[in-house]
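Following: one structure in structure tokens, then a few remarks.
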Amino acid sequence: MKIAIVYASETGNTAQTAQAIREGCQGHEIVAFGPLPRDVGEAELIFVGSWTDKGTCAPVVKEFLQGLHGKRVALFGTAGFGLSEMYFASLSDRFRAEVPEENQVLGTWFCPGRMPPAVRARYETQLKEKPGDARLENMLRAYDQALSHPDGTDLADARAFAAAMLAK
């Protein structure tokens, strides 16, 4: 099968998971791999990845997805606030909503991803202005939890996601 794996990666997390997906596609022809935009015209399955931007995929990914017609697509991504499966389910819904109906979305997969240190500094500054703010404290907790991701388990899960999508 001809496979394309394209993505937008702001900090390297999504690129790292894309590489794991590529490893999960061993034995298949990779016709495109790398950052968007890429020509994926001959691909029979397109893995499209994105970092999470304000609760959805990056603008360049939205634009890319809108240009797909009659394709089989698997969506993946990383998120700094991946504290729950419920959040990942909401990301799945938002990412899927960007794919035109004439395409077939085979599945989605998300994992936590570390954020730049400037993000933590911004939260700390905001918390100094609003001591005890539960929302900001949760954001700091999420930041700290995401520091070790994507980890080995996440990357193994990305490879398994690729295999599951290939089996569909």
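Starting from residues that are acidic (Asp, Glu) and closer than 25 Å to residue 116 by Cβ, keep the ones in segment 7-54 and report whichever is least open to solvent (accessible area, probe 1.4 Å).
Filtering segment 7-54 for residues acidic (Asp, Glu) gives 10, 23, 29, 39, 42, 44, 53.
Those still in the list that are closer than 25 Å to residue 116 by Cβ too: 10, 53.
Numbers: 10: 126, 53: 31 Å².
Checked segment 7-54; the qualifying residue least open to solvent (accessible area, probe 1.4 Å) is 53.
Would you pick out the residues in segment 56-78 that are small (Gly, Ala, Ser), under 11 Å from the mean Cα position of the chain (by Cα) and over 17 Å from residue 19 (Cα atoms)? Lay out the reasoning, then the answer.
Just the residues of segment 56-78 that are small (Gly, Ala, Ser), to begin with: 58, 67, 70, 74, 77.
Then keep just the ones that are under 11 Å from the mean Cα position of the chain (by Cα); that gives 58, 74, 77.
Listed by number, the list holds a single entry, 58.
Just one of (1) in contact (Cβ under 8 Å) with a residue 24 or more places away in the chain; (2) in a helix (DSSP H, G or I); (3) touching a Lys or Arg at 6+ places or on another chain (Cβ under 7 Å) trips up residue 94, so point out which.
Just one mismatch for residue 94, condition (3).
In segment 71-89, what residues are surrounded by 14 or more Cβ atoms within 10 Å (Cβ to Cβ) and under 23 Å from residue 123 (Cβ atoms)? Give the derivation first.
Residues of segment 71-89 that are surrounded by 14 or more Cβ atoms within 10 Å (Cβ to Cβ), as a first pass: 71-83, 87-88.
Residues satisfying the conditions are 77, 78, 79, 80, 81, 82, 83, 87, 88.
Per-residue answers, yes or no, for (1) more than 17 Å from the chain's Cα centre (by Cα); (2) more than 22 Å from residue 156 (Cα to Cα):
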site	(1), (2)
3	yes, no
7	no, no
15	no, no
36	no, yes
53	no, yes
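The values are calculated or read from the model by the stated rules, or taken from the named source; none is laboratory data. Model, not experiment: these values are computed from the prediction. Note that we place each Cβ from the backbone using ideal geometry, even for glycine, and neighbour counts take in every protein chain shown. Just the protein is used for accessible areas: all its heavy atoms, side chains included, with ligands, DNA and RNA removed. Shrake-Rupley method; radii C 1.70, N 1.55, O 1.52, S 1.80 Å.
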